[in-house]
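Enquirer: Below: one structure in structure tokens.
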């Protein structure tokens, strides 16, 4: 399915000259950011955004990898037949007005056409695809309102277009990186199972996140997840856990949410990690960028005692252990601390810790075989710390084979530093609790791989 | 204890001419932002930051409400005696080097002096006070690194200076408002019980938050909380819940963390709300700005179906109920929705909802007696919405007697709008789950008041 994400040639059917129209935004995305052949198709216009337009995709010269359809629902069957005749490899149908509003006959009609021509189709009633590497982007939401994240390693599939696109915007604000995003809507052809299979073998995807409301074929899906988990973590957020939620699912996408207990058992069996909220899903996903831990022993390093206390509590509550530094490490740490400070876990570098003390502490702890994971509580607000400490942390993480997560709550100054860490795939959290939870998720994935 | 927060006259003992020194930052805060008489005391300088300095507080003309001491630990007893002779009402001792580093004798010495003169003392080993209304501010962390929050209704006390000050910075970044903040350190005199009693009767405080590691006198403290809860909610985050955390507490502040089960029972009995993390504490606190709900029925309004599903799940999981709109409301809602959209709870205004549709939906739901609380999922990313919708929400909330929380995840554009809502005391959350959790906390406080 590479043609959806790295098409050599793209036709936008329903490309529009009018700002505010969906067909305007979709064509504009490709026009501005995409390198490859691009053709607007519009029955009424000679030119679209300065580019000569075609009346039909059949008039477009050469082969087409990807067609994006943004025309009214009733025109879709005819256009899809033309795509079939043109031997288009992949089609994204953005248009809505199918089974989600009760128009099942129209959806059956396009299913028959797809079967006849054997092309692959994402949608209808979806936002389609975004690929941060190729800039393939069928999202019709204006980029000044909906930011696109940087290149990264998290891929995300979502049955709900709104959930998916808002998550992209939220990720862009935080500096989180993404590889591929797919909103697959009514899934008349390409469904969650196909996408898991595809992403499992995709090289720029290190972790797969999925927002699901229902699943078309539970057994096939769980098998796909089981195979994927052997290669990379799969994190799932399931909507419709309760009866009320299931009802909401039915009126939203028309899916059957199914019994939550059945899902829960199936996710566990297949090795998927279940998240309780959108934020939790990406907390876990970001931790998965880190090396896998060899064991469950966490060393906490902090320049604020109270945050160390909260971290120690959470380490124990999540079933992890506090590491005990080796004798050698303890002596080395003692040498970099003020006289009155003790060597414990949490290791309190105390309030006057400067960039250098953090650098040295990381170096010592990084070498200690008694330590499996590092939680660094880095409070940027203290006077001795400069932005250089961020570079020290990034340099340390580049060489370290131990997983590292950072807790750095704060306002604009701290957020700038946190974003820099995130852009280097070092996950940053607002609280010790969420940082420890993410380490626990990483540890449980490492354990699952051993089984 | 008003003299700590609204002193008419302030002396900074150890006020410094050298940027980077604690005595520089503390004097600067008052000099720049505080209206009232202000005196630097410095044994070595004629002038501090352009202001004529005094050798001793005894040389300062007139009476002094508040003295702030930032000199080395060994000088504190002598200075404290001078404060006693001067009949200073309140003293904040920022200086560290007392029981927290094992120097118990020195701490006993200052306790004796306090008893002898009968003045009130906050500290030592603390950050002291911040009052957003009077700008009394003894925090020595540079304001370019540590933002101060706007005027608001949340007061926050913290045994840990780092936790407290970082929280202020984090709040300022989010647009949350604060009334008073106290970091009380070793609590040689003023302790958590005194502060709860004071804040319970403080007019600008609507909700009290506390980060505690240990409590000096459990019975007195719980009685103070019980009395406070009758007037306003008290939300507690307790460090040292586990054995590992308790050990960390001992090496941090030297307190005894005590058994978590005992604390848990005591908090429940006294009506305090317990938070699991710093973020959760302020999620709950922000919801407490809203009117109390009459019952447990939540109406969800959304322009993104998937987020509605997640909200519906969480409403049920937290033991709340989804409201059923009256027949009249249903008819009114039907009239503002597109033909194909149904009237359910979650009420999906669908993706093309504009400012006006949100305004009308809020108006209808706000009047419906079947609705006790409103969760508004407002996804700013869609094309039809403009910043005007924010004003509609603010205007609605000003008049409404039903509590309202908003879920608006997103990047920079959304964050700007969210901050505007926050500045009007409308709490905004990143996920439906956290928004519902906050409503549940508000509901449980309303129920506790009925008992």
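Bear in mind these aren't lab numbers, they're just calculated from the coordinates by the rules spelled out. All figures in this text were calculated on a predicted structure; none of them were measured in a lab. Reconstructed Cβ throughout: ideal geometry from the backbone, glycine too, with neighbour counts over all protein chains shown.
Enquirer: Let a ≥ b ≥ c be the square roots of the eigenvalues of the Cα gyration tensor of the range A:410-451; is it rounded (a/c under 1.5), or, if not, prolate (a/b larger than b/c) or oblate?
Expert: Oblate is the answer for the range A:410-451, as a/c is 1.5 or above yet b/c matches or exceeds a/b.
Enquirer: Using a 10 Å cut-off around each Cβ of peptide B:98-111, what is the average number of partner chain Cβ atoms that fall inside?
Expert: Rounded to a whole number, the mean comes out at 1.
Enquirer: Where the centroid of each part is defined by its Cα atoms, how far is the range A:430-451 from the range B:101-163 in Å?
Expert: Distance between centres, Cα-based: 37 Å.
Enquirer: Further, regarding this structure: I'd like the FRET efficiency for residue B:334 and residue A:150, computed as 1/(1 + (r/R0)^6) with the beta carbon distance as r and R0 of 45 Å, rounded to 0.05.
Expert: That pair, residue B:334 with residue A:150, gives E of 0.55.
Enquirer: Still on this structure, please answer the following. Give me the Å³ per residue figure for the convex hull around the C-alpha atoms of chain A.
Expert: 143 Å³
Enquirer: Listed highest first by mean packing, meaning other Cβ atoms within 10 Å per residue, what order do A:444-451, B:119-126 come in?
Expert: B:119-126, A:444-451
Enquirer: Another question, if that's okay. Shortest first and in nm to one decimal, what separations exist between residue B:231 and its copies in the other chains, measuring from label points 7 Å along the Cα-to-beta-carbon line?
Expert: 6.3
Enquirer: Roughly how far apart, in whole Å, are the Cα centres of the range B:273-343 and the range A:212-253?
Expert: 24 Å
Enquirer: Also, I was wondering about something else. What list of whole percents do you get for P(r) of the protein assembly as shown, with Cα-Cα distances grouped in 10 Å bins up to the one holding the largest distance?
Expert: 2, 12, 20, 23, 19, 12, 7, 3, 1, 0
Enquirer: Tell me, in nm to one decimal, what length is gained between residue A:231 and residue A:367 on full extension, where the rule is 0.36 nm per residue of separation less the Cα-Cα distance?
Expert: Additional length available on full extension: 46.2 nm.
Enquirer: Here is a follow-up. What is the helix-to-structure angle for A:76-85, meaning the angle in degrees between its Cα long axis and the longest Cα principal axis of chain A, kept from 0 to 90 and rounded to the nearest 10?
Expert: Between the helix axis and the principal axis of chain A, the angle is about 90 degrees.
Enquirer: Let me ask something else about it. What is the mean number of Cβ atoms from other protein chains located within 10 Å of the Cβ atom of each residue in peptide B:298-308, rounded to a whole number?
Expert: Mean partner shielding for this stretch: 6.
Enquirer: Give the residues of the range B:58-101 whose amide nitrogen is closer than 14 Å to a point set 7 Å from the Cα of residue B:18 in the direction of its Cβ.
Expert: The answer is B:71-72, whose backbone nitrogens lie closer than 14 Å to the label point.
Enquirer: What are the extents of the Cα atoms of the range B:297-450 along their three principal axes, listed from largest to smallest and rounded to whole Å?
Expert: 43, 37, 29
Enquirer: Based on DSSP H runs of at least 4 residues, each adding -39500 (n - 2.57), what is the mean residue ellipticity at 222 nm of chain B after dividing by all its residues, to the nearest 500 deg cm²/dmol?
Expert: -12500 deg cm²/dmol
Enquirer: Looking only at other chains, what is the average number of their beta-carbon atoms within 10 angstrom of each beta-carbon in B:344-354?
Expert: Counting Cβ atoms of other protein chains within 10 Å of each residue's Cβ and averaging gives 2.
Enquirer: Still on this structure, I have one more. In nm, one decimal, shortest first: how far is the label point of residue A:412 (7 Å from Cα along Cα to beta carbon) from the matching points in the other copies?
Expert: From this label point to the equivalent ones elsewhere in the assembly: 1.2 nm.
Enquirer: OK, next. Could you work out how far helix B:278-287 tilts from the main Cα principal axis of chain B, as a 0 to 90 degree angle to the nearest 10?
Expert: With both axes taken from Cα atoms, the answer is about 60 degrees.
Enquirer: So, one more: Got the residue A:423 label distances to the other copies yet, label 7 Å along Cα→Cβ, in nm, shortest first?
Expert: Result for residue A:423, in nm, nearest copy first: 2.7.
Enquirer: Given labels modelled 7 Å from the Cα in the Cβ direction, how far is it in nm from residue B:343 to residue B:8?
Expert: The modelled label-to-label distance comes out at 6.2 nm.
Enquirer: Could you work out how far helix B:260-270 tilts from the main Cα principal axis of chain B, as a 0 to 90 degree angle to the nearest 10?
Expert: Taking the Cα atoms of chain B, the angle to B:260-270 is about 70 degrees.
Enquirer: Kindly state, to the nearest 0.05, the FRET efficiency for residue A:326 paired with residue A:85, given R0 = 45 Å and r defined as their beta-carbon distance.
Expert: 0.05
Enquirer: Follow-up question, since we're still on this one. Once both labels are modelled 7 Å past Cα along the beta-carbon direction, what's the residue A:51-residue B:55 spacing in nm?
Expert: 8.3 nm
Enquirer: Can you tell me the order of A:204-211, B:349-356, A:334-341 when each peptide is scored by its average per-residue count of other Cβ atoms within 10 angstrom, highest first?
Expert: In decreasing order of mean packing, A:204-211, B:349-356, A:334-341 become A:204-211, B:349-356, A:334-341.
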